[in-house]
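We did not get these values from a lab; they are worked out from the coordinates using the rules stated. Not measured: the values here are computed from a predicted model. All Cβ positions, glycine included, derive from the backbone under ideal geometry; neighbour counts span all protein chains shown.
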Amino acid sequence: MCLKYVRSMSFFHFSLKTGFLKWKPDYDSAASEYGKAALAFKNAKQFEQAKDACLREAVAHENNRALFHAAK
């Protein structure tokens, strides 16, 4: 299960990139997926990767201006 999230961490980062047709990063979906990844890593007792996913989730919430969720 965690292998799925390890591979898709680059996809989460890709959702934050902009391009010719996509002008704004999608912080909301990235934050949601980082949260799911953090929970999966925590359940698998991979705490360093869980910490990294939690920090990335907090940054995505902060950039989305959802400060309450960033502080959680």
### Query
Ala66 to Lys17: extension gain in nm, 0.36 nm per residue of separation minus the Cα-Cα distance?
15.7 nm
### Query
How do the peptides 16-23, 34-41, 51-58 rank, highest first, by the average count of neighbouring beta carbon atoms within 10 Å per residue?
34-41, 51-58, 16-23
